[in-house]
Ligand code: DGL
């Protein structure tokens with residue numbers, strides 16, 4: 001069996017990279033739905049349908065566990081698929097399969113609290129607010145998942161989300177660095193204007209943005225902590241696998257990269273980020 005990693009495009013490679021670091025012997029199949037990227041401007045129904053199709057493709061490829069390495073798919077589709085589609089699909093398949101996302105580990109990292117923890121609502125005045133900025137796709141921003149889930153756990157964290165409608169597409173298309181830098185600077189400035197000052201901490205809440213994390217670091221005040229979504233996810237998946245031996249991750253260190261889009265070499269950002277060129281096979 002293998003672990004599947006799914007994204008609309010190359011962004012999920014940031015999570016995949018961290019997963020490979022933690023689980024070097026596991027077999028991985030990565031699927032980029034590049035025929036349909038970007039997801040961030042799509043309707044909820046489209047995102048649910050595309051995410052389900054991606055999961056099915058990865059289960060067909062021999063995966064037992066699929067990680068949605070895509071905030072948009074995880075925010076919009078995961079709960080719905082877990083509740084309405086996965087139980088029947090699992091029964092029909094006759095073997096244990098599961099789909100997990102990246103939002104739960106990110107919220108745990110951002111709050112410093114386990115997912116099960118929900119704060120008791122107390123009327124006390126919060127003395128000091130920790131202002132957390134989230135950069136994400138419009139669909140993730142609209143879902144308000146980060147605001148809702150963090151607010152349930154921490155009253156001393158104020159979440160401000162900035163939708164970045166074009167950024168995943170620019171990264172997917174390997175836009176010139178000057179164009180990417182200008183877009184990132186624009187989003188950081190817009191968020192800071194809305195807050196009235198720069199955020200104290202930030203989450204790059206779209207896995208594509210992680211590939212250009214250096215541009216966010218340059219645009220934010222020096223030293224602004226970035227909550228590292230890929231690392232938080234990889235740690236959580238390692239713990240999950242230790243607790244769930246039924247999702248056997250393989251032992252041969254296999255790496256397959258599939259795309260619904262144009263197969264072959266991926267863009268230069270990928271080679272620079274991954275450390276070597278990656279070739280994708282047709283899904
Ligand atoms: N990388 C994805 C995310 O984390 C999706 C970007 C997109 O397709 O718009 O949201």
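Based solely on C-alpha atoms, express the radius of gyration and the Dmax of the chain in angstrom.
18.3, 57
As I understand it, the value is the acute angle between the Cα axis of helix 13-22 and the longest principal axis of the Cα atoms of the chain; what does it come to in degrees, rounded to 10?
Roughly 70 degrees, rounded to the nearest 10.
Can you give the relative contact order of the range 195-265 as a percent, counting alpha carbon pairs under 8 Å and 6+ residues apart? Please report the intermediate quantities before stating the final value.
On the way: 30 pairs, mean separation 20.0, N = 71.
Relative contact order comes out at 28 percent.
In nanometres, what is the gap between the two model label sites at residue 281 and residue 95, each 7 Å from Cα along Cα-to-Cβ?
1.6 nm
Could you estimate the translational diffusion coefficient of the range 42-107 from the Stokes-Einstein equation, with Rh from the Kirkwood formula over C-alpha pairs, at 4 °C and 1.567 mPa s, in whole µm²/s? Show your work: numbers first, answer last.
Numbers: Rh = 12.0 Å.
Estimated via Stokes-Einstein, D reaches 108 µm²/s.
For labels at residue 248 and residue 174 in the simple 7 Å Cα→Cβ model, what's the distance in nm?
The answer from the label model is 3.9 nm.
Roughly how many whole Å is it from the C-alpha centroid of the range 1-15 to that of the range 224-263?
A separation of 8 Å, based on Cα centres.
Sort 106-118, 239-251 by the packing proxy (mean of other Cβ within 10 Å over each peptide's residues), most packed first. Please report the intermediate quantities before stating the final value.
Numbers: 106-118: 16.3, 239-251: 13.8.
Descending mean neighbour count gives 106-118, 239-251.
Semi-axes, largest first, in whole Å: what does sqrt of 5 times each Cα gyration tensor eigenvalue give for the range 125-235? List each step's numbers first, then the result.
Details: eigenvalues 108, 47, 35 Å².
The equivalent ellipsoid of the range 125-235 has semi-axes of 23, 15, 13 Å.
Nearest 0.05, what FRET efficiency do residue 82 and residue 240 give at R0 = 22 Å with Cβ-Cβ as r?
Values: r = 14 Å, r/R0 = 0.64.
Efficiency for this residue pair is about 0.95.
Let me know the volume per residue of the alpha-carbon convex hull for the range 164-283, in Å³. Let's see the in-between values first.
Values: hull volume 17.9 nm³, N = 120.
Per residue, the Cα convex hull of the range 164-283 comes to 149 Å³.
Could you tell me what a quarter of the Cα convex hull surface of the range 88-178 works out to, in nm² with one decimal place?
Details: hull surface 39.2 nm².
Averaged projected hull area, Cα only: 9.8 nm².
What's the extension gain from residue 120 to residue 193 if we count 0.36 nm per residue and subtract their Cα-Cα distance?
Values: separation 73, 0.36 × 73 = 26.28 nm, distance 3.17 nm.
Net length gain for the segment: 23.1 nm.
Relative to the longest principal axis of the chain, what angle (0 to 90°, nearest 10) does the C-alpha long axis of helix 177-195 take?
With both axes taken from Cα atoms, the answer is about 50 degrees.
Mind pulling the angle between the C-alpha long axis of helix 229-243 and the longest principal axis of the chain? Nearest 10 degrees, somewhere in 0 to 90.
50 degrees
Using a 7 Å offset from the Cα along the Cα-to-Cβ direction at both residue 130 and residue 256, what is the distance between the two label points in nm, to one decimal?
4.1 nm
Can you tell me what percent of all Cα-Cα pairs in the range 23-177 are more than 23 Å apart? Could you put the intermediate results ahead of the total?
Details: 5567 of 11935 pairs.
Tail of the P(r) past 23 Å holds 47 percent of the pairs.
Laboratory data are not the source of any read-out in this text; all were calculated from the coordinates shown. Just so we're clear, the structure is a prediction, and the values are computed from it rather than from any experiment. All Cβ positions, glycine included, derive from the backbone under ideal geometry; neighbour counts span all protein chains shown.
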